[in-house]
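Just below is one structure, and these are the notes that go with it.
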Amino acid sequence: MSKNFDVIVIGGGPGGYIAAIRAAQLGFNTACIDEWKNAAGGPAPGGTCTNVGCIPSKALLQSSENFENAGHQFAEHGIGLKELSIDVAKMLARKDHVVKQNNDGILYLFKKNKVSFFHGRGSFVKAASPEQGGGWEIAVGAESLVGKQVIVATGSNARALPGTPFDEVNVLSNDGALRIGAVPKKLGLIGSGVIGLEMGSVWRRLGAEVTVLEALPTFLGAVDEQIAKEAHKAFTKQGLKIELGVKVGEIKVGKKGPNARVSVAYTDAKGQAQVLDVDKLVVSIGRVPNTTGLNAEAVGLELDERGAIVVDAECRTNLPGVWAVGDVVRGPMLAHKAEEEGVAVAERIAGQHGHVDFNLVPWVIYTHPEIAWVGQTEQQLKAAGRAYKAGSFPFMANGRARALGDTGGMVKFLADAASDEILGVHIVGPMASELISEAVVAMSFRASSEDIARICHAHPSLSEATKEAALAVDKRTLNF
Ligand code: FAD
Ligand code: NAI
């Protein structure tokens, strides 16, 4: 006997669990299926983001930043510490506790919103017959569910280097990188993207000698050039060794086991053959959409050449009543993008008009300094031939940043030359992750830089740097 639902969501990450909650809020009888297991084999909804992504990485970034501040910043505040030590096991246990709080929070939200949760792998069986109520038959273990509408939110997995599978002991994905049991003396990372920089920062702060090997000749190519340059300078000063323009060759793992060493043969930017010898290697070269176990082929669910589910601008797949959101479809692989798509799809099912504007999806890299941006970069505007004005303001001239002792970086505005509409905002510096929200709000309302410049910002606050950067567009900063 099948259980019938209006909406079945496959995947309980940020795309899926949020879609399920919104669908339930809209009055649909909703199920969410998620297969993630905690250490005890129990359910751990929240997907990559909660279990091995956003949340645990930010927990470790916080712990390691505290450690670094205690070691390097406290003294100038007159705070003396006799002995500084790090208990990695305790730090990891705290991180696991934060993850569990989030897992439990989602289970609570499911209960509160009357979403039926199924722990296991959801697979398409076939189109449901009219007698079954139409829609799709989905199997979860021995159970059979029927949903009039199905939302697929099965996420993504780390991409491995060809010929070098993750063993999570010596060659690590994001999963292993988040549970290294002791600070490695030498850590190597392949890929200086978001994970490379965040995970590299964690283990460098704790004392590892970190080398990042990046294939591209430019650092953070998607980031505004001026901001990327500033960030590169800061990371290099911190001791993060970033080699650009390399070609990674053979990777050898010495005798297997936790003490094995990993050697990475590569050609450097000058064409010289090099070998990087490390205790642990993290491979962070992007992620691949995950449709394992969905049985997509059997029901004819269309995938593209990257393995992503093909969807239209509104997240409709080629199958009637089947939608897909988040990392498993095109677009930025970000939790908040997945969430927004989840909400939009639930609302479309209800006949509403949910919409996600990718140009207004903010990006944040949670390093120190933090990097955050929304909208277009200066290089994108140049390439598009768009006439623009730029204005920036350094945190060095911001009173709150001085009080914090965190004066590196800047806020930068890009606005249309004629209308002054804000086209992009780029921040490198303290609390960039929080400051960027003002820019997202402003751009969502199609504000001009003049609008921000005329808004009263609290003093002293980092947000004054945002106002000053907006003033700088019209060459009238007050404090610089
Ligand atoms: P996922 O979170 O991957 O969830 C998919 C879920 O579906 C999983 O639980 C999976 O087990 C389940 N599933 C898959 N197939 C099936 C099936 N057939 N049946 C049942 N269940 C299934 N993004 C940010 O915005 N901010 C950050 O700070 C950030 N930090 C990150 C740090 C790291 C180290 C990593 C790896 C990623 C980070 N991301 C961050 C990206 C973010 O995690 C993803 O964009 C987000 O998790 C995508 O959400 P999703 O719901 O599409 O997929
Ligand atoms: P990424 O796409 O950010 O970076 C991958 C990097 O690896 C790129 O710079 C690429 O040029 C490089 N690369 C690719 N192949 C290579 C090779 N063979 N040798 C050397 N370098 C190579 O991917 P990453 O860091 O794995 O993260 C995956 C995704 O997860 C991110 O793109 C982002 O969507 C998400 N994420 C988001 C975070 C956030 O929002 N703060 C944090 C971490 C991840």
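The values are calculated or read from the model by the stated rules, or taken from the named source; none is laboratory data. Quick caveat, the model's predicted, so the values are computed rather than measured. Glycine gets a Cβ as well: all are built from the backbone with ideal geometry, and neighbour counts include every protein chain shown. For accessibility, only protein heavy atoms count, side chains too; no ligands or nucleic acids. Shrake-Rupley method; radii C 1.70, N 1.55, O 1.52, S 1.80 Å.
How about region 68-107: which GluC sites (Glu not before Pro) there are in a DSSP loop, with at most 11 other Cβ atoms within 10 Å of their Cβ? Write down the numbers at each step before the final one.
Numbers: sites: Glu68, Glu76, Glu83; in loops: Glu83.
Those that pass, being in a loop and sparsely packed, are Glu83.
Given Cβ point charges of +1 (Lys, Arg) and -1 (Asp, Glu) and nothing else, what value in debye, to the nearest 20, does the dipole of region 171-285 about its Cα centre take?
Values: 16 positive and 12 negative charges, 102 e Å.
Computed charge dipole of region 171-285: roughly 480 debye.
With the dipole of the chain worked out from charges on the C-beta (+1 for Lys and Arg, -1 for Asp and Glu) around the Cα centre, which of Gly46, Ala390, Thr154 lies farthest toward the positive end?
Farthest along the dipole direction, towards plus: Gly46.
Where the centroid of each part is defined by its Cα atoms, how far is region 380-439 from region 64-102 in Å?
So the separation of the two Cα centres works out to 31 Å.
Within a Cβ distance under 14 Å of Gln73, other residues only, what is the Lys/Arg minus Asp/Glu net charge? Present the calculation step by step, with values, prior to reporting the outcome.
Details: positive: Arg205, Arg402; negative: Glu65, Glu68, Glu76, Asp406.
Once positives and negatives cancel, what remains is -2.
Place +1 on the Cβ of every Lys and Arg and -1 on the Cβ of every Asp and Glu in the chain, take the dipole about the Cα centre, and give the residue among Ile427, Ser444, Phe74 whose Cα lies farthest towards its positive end.
Farthest towards the positive pole: Phe74.
What translational diffusion coefficient, to the nearest whole µm²/s, does region 243-368 have by Stokes-Einstein, given a Kirkwood radius computed over alpha-carbon pairs, a temperature of 25 °C and 0.890 mPa s viscosity? Provide the component values of the computation, followed by the final result.
Working: Rh = 18.2 Å.
Once the numbers are plugged in, D ends up at 135 µm²/s.
Report, in debye and to the nearest 20, how large the dipole of the chain comes out about its Cα centre when Lys and Arg carry +1 and Asp and Glu carry -1 on their Cβ. Let's see the in-between values first.
Working: 49 positive and 52 negative charges, 194 e Å.
Around 940 debye, computed over the chain.
May I ask you to give the solvent-accessible area per residue for region 81-200, in square angstrom, as obtained with a 1.4 angstrom probe? It would help to have the intermediate numbers written out before the result.
Numbers: 5830 Å² over 120 residues.
Accessible area per residue, region 81-200: 49 Å².
Give me the number: length gained by fully extending Lys58 to Glu250, i.e. 0.36 nm times residue separation minus the C-alpha to C-alpha distance, one decimal in nm. Don't skip to the answer; put the middle values down first.
On the way: separation 192, 0.36 × 192 = 69.12 nm, distance 3.17 nm.
Between Lys58 and Glu250, full extension yields 65.9 nm more.
Find the Rg to Rh ratio for region 46-100, where Rh is the Kirkwood radius over alpha-carbon pairs and Rg uses the same atoms.
Numbers: Rg = 13.6 Å, Rh = 12.3 Å.
We get a ratio of 1.10 for region 46-100.
At R0 = 35 Å, how high is the FRET efficiency between Glu421 and Asn318 if r is their beta carbon distance? Nearest 0.05 is fine.
Values: r = 37 Å, r/R0 = 1.05.
Approximately 0.45, to the nearest 0.05.
With an 8 Å Cα cut-off and a minimum separation of 6 or more residues, compute the relative contact order for the chain in percent.
Details: 1072 pairs, mean separation 67.1, N = 480.
It rounds to 14 percent for the chain.
Mind checking region 21-92 for trypsin sites (Lys or Arg not before Pro) that DSSP puts in a loop (not H, G, I, E or B) and that have at most 12 other Cβ atoms within 10 Å?
Details: sites: Arg22, Lys37, Lys58, Lys82, Lys90; in loops: Lys82.
Filter output for region 21-92: Lys82.
Over region 369-473, give the accessible area per residue in Å² for a 1.4 Å probe, as an integer. List each step's numbers first, then the result.
Values: 4190 Å² over 105 residues.
Accessible area per residue, region 369-473: 40 Å².
Lys and Arg at +1, Asp and Glu at -1: add these up for the other residues within a Cβ distance under 15 Å of His97 and post the number.
On the way: positive: Lys58, Lys90, Arg94, Lys95, Lys100, Arg179; negative: Asp87, Asp96, Asp104.
Neighbourhood net charge equals +3.
Counting only Cα atoms, I'd like the Rg/Rh figure for region 300-341, Kirkwood definition for Rh. Please report the intermediate quantities before stating the final value.
Working: Rg = 9.8 Å, Rh = 10.4 Å.
We get a ratio of 0.95 for region 300-341.
Specify which residue in the list Pro369, Val343, Ile106 is farthest towards the positive end of the charge dipole of the chain, using unit charges on the beta carbon of Lys, Arg (+1) and Asp, Glu (-1), about the Cα centre.
Pro369
Could you tell me which of rounded, prolate or oblate describes region 344-480, using a ≥ b ≥ c as the square roots of the eigenvalues of the alpha-carbon gyration tensor, with rounded for a/c under 1.5 and, failing that, prolate when a/b is larger than b/c and oblate otherwise? Show your work: numbers first, answer last.
Details: a/c = 1.87, a/b = 1.43, b/c = 1.31.
The shape class here is prolate.
For region 171-285, rounded, prolate or oblate, judged on the Cα gyration tensor with a ≥ b ≥ c (square roots of eigenvalues), a/c < 1.5 rounded, else prolate if a/b > b/c? Please report the intermediate quantities before stating the final value.
Numbers: a/c = 1.99, a/b = 1.31, b/c = 1.52.
Oblate is the answer for region 171-285, as a/c is 1.5 or above yet b/c matches or exceeds a/b.
Quick one: compute the contact order of region 171-285, relative version, from alpha carbon pairs under 8 angstrom and 6+ residues apart, as a percent. Don't jump to the answer; show the numbers that get you there.
On the way: 227 pairs, mean separation 39.1, N = 115.
Dividing the mean separation by the residue count of region 171-285 yields 34 percent.
Kindly state, as a whole number, the per residue volume in cubic angstrom of the convex hull around the alpha carbon atoms of the chain.
Numbers: hull volume 82.7 nm³, N = 480.
About 172 Å³ per residue, rounded to a whole number.
All other residues with a Cβ under 14 Å from the Cβ of Gln238 taken together, and with Lys, Arg as +1 and Asp, Glu as -1, what is their net charge? Before the final figure, lay out the partial values.
On the way: positive: Arg204, Arg205, Lys233, Lys237, Lys241; negative: Glu65, Glu68, Glu198, Glu209, Glu230, Glu370, Asp406.
Computed value for this residue: -2.
Pairs of Cα atoms under 8 Å, at least six residues apart: use those to get the relative contact order of region 369-473, whole percent.
On the way: 228 pairs, mean separation 35.6, N = 105.
Once divided by the residue count of region 369-473, the mean separation gives 34 percent.
By how many nm would the segment from Asp175 to Ala215 grow when fully extended, if each residue of separation counts as 0.36 nm and the alpha-carbon distance is taken off? Display every interim value, and only then the final one.
On the way: separation 40, 0.36 × 40 = 14.40 nm, distance 2.22 nm.
Answer, rounded to one decimal: 12.2 nm.
Would you calculate, for the chain, the mean residue ellipticity at 222 nm contributed by helices, counting each DSSP H stretch of 4 or more residues as -39,500 (n - 2.57) and dividing by all residues, to the nearest 500? Spell out each step's value before the answer.
Numbers: 14 runs with 153 residues, N = 480.
Using -39500 (n - 2.57) per qualifying helix, the result is -9500 deg cm²/dmol.
Please report the carbon-and-sulfur percent of the accessible area for the chain; probe 1.4 Å, protein heavy atoms only, DNA, RNA and ligands left out. Don't skip to the answer; put the middle values down first.
Details: 11770 of 21980 Å².
Carbon-and-sulfur percentage of accessible area, whole number: 54.
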